[in-house]
Amino acid sequence: MKTIQSATILLLSLFARDAWATATIDRVSVHLEPLIAEAAHNPAAFAVPVQHRVTSGESGQWNEIDGVATWTYWVRIPGAVSISFHADSLQLPSDAVLTAAAGDQVYVYTSKQLGSGSMWSHIASGDTLSLRLSLPATERQAATLSIDEFEAGYRGLGGAASHPYYRALVDQGVAATTTSCVENYECDKTSTNDGPGRATMAIVIANQSECSGTLLNDVPGDYSNYVLTARHCEDPTGNGHENPDASRLTFYWNATTACGQTLATIYSSATGTTSGATTLVEQMDGWLVKLATQPPFGVYYAGWDATGASIVGGYGIHHAGANAKQFVEWYGQAVYQTATFNGTNTSGQQFQTETAFWNVNPSLGSISHGASGSGFFDANNHLVGALTSGAGTCPTSPPTPPSAKSFGGSYTALQVIYNSTIDQSSSQPTATIAQYLDPGHTGAQTNNGKEGPTPPPAPTVTMAAAPTSFTVGSSTTLTWSSTNADSCTASGGWSGTKATSGSAKQTPTASGTVTYTLTCSNASGSASKGATVTVNPQSSSSSGGSSSSSGGSGGGGGGGGAFGFVGLAGLALAALVRQRRRLQFSRHAPWGAGSTNYRGFRSDGGLHCNGRTFSASRRLLPNPTIAKLGAAASGSPTIAKIG
């Protein structure tokens, strides 16, 4: 039984535009101990599922800034030593980016990588996970992210501490431990086993358990992306409930640690991953799947041998313990041993059939939980089996040859499952491995390995803006071109998917510095180029115009632009000065009946000079305060001060 609580905390957010942001964390309280007790008997398991529904429409928080909509969400599962999630519904526009972070681990997913439908996230250490979904605000309604469950880790990865309850189970001998004779593959890599090493990957099932697998080359050599692993890996709980749904698989590629260093976990942000596959064949403990997406460049497609010829020596490469690649060298002649396979067919009826294994003993290194499904390679570097079980024993001195009763590892023999349809429990009862590895039905039982596709040249981008300095309301024209690019995406001052070459006019609405960035990508990577422009504010100006005070003319004019109180005060002062000058000029004018041509001043009661009244013919200011002019006692015309 779990309860959901919310705690608002002030924290430094990796995703906030400001240095500090207030975030609400969903606290998912769940009793992990019973779940750990149930899962711990599966040595390859490391996490348990926790059901908790989260949607971008009803959970978390949306914000919009400068045309970019951002959704943020935080979750914490107290007691978990690692955390991940499964999204059962996912629809992202082309410009959307989803970022997941835990501690110092940050994983970025683009819509191109994720596609639509569903996804399994990377596994991150710690008990708290933050999510951020960013996209143009105009595309917000087109984005859907719905999470149905989180996975709470209990077995420490990469040297991290395990959950206290799990440690107690290990001490009691209930849970499996890791062998002490682990051999780093990088310390034993040679020119002959380099290819099989690059064909080996870790496979995470439903973010709860981990196995290993091998990428195989088919006879046409057309990069069909077939992976062979162990069928018992279908069940992440270890309870015998196998599920052929290969969409739950995440493949971790090229996870290695330099020789002499502590073996790292596969869950590094530098490890390449692909998600999803389709089940093609299930026979005994063999499981052949086809990848949903192309693996990264640099992988190798391993050769194979289904003849059943005797094997002396050989080696294995695997990801035991969800750690970087490890190596095991087998000693002496492998023992071919038959066994009875018991199963239940699709109608619920019990059946029995015969299977066979290659039993081996180590002379260097070992295997352990998480190595299941990894390949057994002969002296010709051909895969001859997939690991079913192993005792995890370390080499003896001198090494001990294997036997039917004494062995360190047991591989399902490829020749037994290659053409077989005898397993009635298969979800694909008529499919064979041979029909996929040899689609032309040539009868081939062996095939050499092959290097993966050559990556295309890296893309390049050029970009310029003209003009680079202008005022608000004006425009700049961006011009760009790229080479070797499949697609381009705009960011910064603009957004959206762009052609690989072209031009576009941009009109910023605010002053400041704006950088327009274009990122162009292909299968080899991406390249970015930016163009920065300076947007100046519109000038603020005002003028009082001009006026003349001669003969019968005068007046004022207005200037362009908006002005405030200071501008109005300036106009009033200018008018006042003009009024003073005109009054001074009138002292020298001829004063007689009807002869005074005084302009530019309004008097409610008329202009009084020497007892005579004159009318003002023009107004300069709206509703000015007017003072009457008095007459001097001497009889000569005088001008009174304005009151």
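The values are calculated or read from the model by the stated rules, or taken from the named source; none is laboratory data. Everything numeric in this text was worked out from a predicted model, so none of it was measured. Positions of Cβ are generated from backbone atoms using ideal geometry, with glycine treated the same way; all protein chains shown enter the neighbour counts. Remember, those area values only see protein heavy atoms, side chains included, never the ligands or the DNA or RNA. Shrake-Rupley method; radii C 1.70, N 1.55, O 1.52, S 1.80 Å.
Remarks
- Residue in the range 447-463 that is farthest from the chain's Cα centre (by Cα), counting only those that are open to solvent by 60 Å² or more (accessible area, probe 1.4 Å) and within 15 Å of G530 (Cα to Cα): T462
- Condition met for A434 (closer than 30 Å to P93 by Cβ and not hydroxyl-bearing (S, T, Y)): no
- Considered as a group, the residues in the range 359-394 that are in a strand (DSSP E or B) and more than 24 Å from T190 (Cα to Cα) include one that is modelled with the lowest pLDDT, and that residue is G390.
Residue-wise test of (1) modelled with pLDDT under 95; (2) loosely packed, with under 15 Cβ neighbours inside 10 Å.
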position: I25; (1), (2): yes, no
position: E38; (1), (2): yes, yes
position: A45; (1), (2): yes, no
position: V48; (1), (2): no, no
position: V54; (1), (2): no, no
position: G57; (1), (2): yes, yes
position: E64; (1), (2): yes, yes
position: V68; (1), (2): yes, no
position: T72; (1), (2): no, no
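- Flag for E183 being of a type in the set (D, E, K, R), open to solvent by 10 Å² or more (accessible area, probe 1.4 Å) and at pLDDT below 95: no
- Positions within the range 317-357 being buried (at least 21 other Cβ atoms within 10 Å of the Cβ), assigned to a strand (DSSP E or B) and out of contact with any Pro (no Cβ under 9 Å at 6 or more places or on another chain), in sequence order: H318, N323, Q326, F327, T355, F357
- Looking across A246, A206, A202, one residue alone is surrounded by 18 or more Cβ atoms within 10 Å (Cβ to Cβ), hydrophobic (A, V, I, L, M, F, W, C), in contact with an Asp or Glu (Cβ under 9 Å, 6 or more places away or on another chain) and at positive phi. It is A206.
- Y301, sole failed condition from (1) in contact with a Lys or Arg (Cβ under 7 Å, 6 or more places away or on another chain); (2) of a type in the set (F, W, Y); (3) open to solvent by 50 Å² or more (accessible area, probe 1.4 Å): (3)
- Within the range 45-67, residues that are among the charged types (D, E, K, R) reach partners that are modelled with pLDDT under 95 and open to solvent by 20 Å² or more (accessible area, probe 1.4 Å) with beta carbons closer than 7 Å, at six or more positions or on different chains, in the pairs E64/A137.
- Residue in the range 256-276 that is outside any loop (DSSP other than H, G, I, E, B), open to solvent by 30 Å² or more (accessible area, probe 1.4 Å), closer than 19 Å to S209 by Cβ and not β-branched (V, I, T) present: yes
- Residues of the range 368-420 satisfying the condition of being farther than 18 Å from N217 by Cα and of a type in the set (D, E, K, R): K405
- Check on A356, farther than 16 Å from G314 by Cα and either among the aromatic types (F, W, Y) or free of Cβ contacts under 8 Å to residues at least 24 places away in the same chain (or both): no
- Qualifying residue in the range 406-427 (condition: touching a helix residue (DSSP H, G or I) at 6+ places or on another chain (Cβ under 7 Å), within 23 Å of L280 (Cα to Cα) and open to solvent by 20 Å² or more (accessible area, probe 1.4 Å)): yes
- Among the residues of the range 74-109, those identified as of a type in the set (F, W, Y) and modelled with pLDDT of 95 or more are W74, F85.
- Pairs, first over 10 Å from A334 (Cα atoms) and in contact (Cβ under 8 Å) with a residue 60 or more places away in the chain in the range 393-405, second surrounded by fewer than 15 Cβ atoms within 10 Å (Cβ to Cβ) and of a type in the set (S, T, N, Q), C-beta under 7 Å, six or more apart: C394/S180; T400/S406
- Those residues of the range 277-298 which are on the phi > 0 side of the Ramachandran plot and crowded, with 20+ Cβ neighbours inside 10 Å, in sequence order: M284
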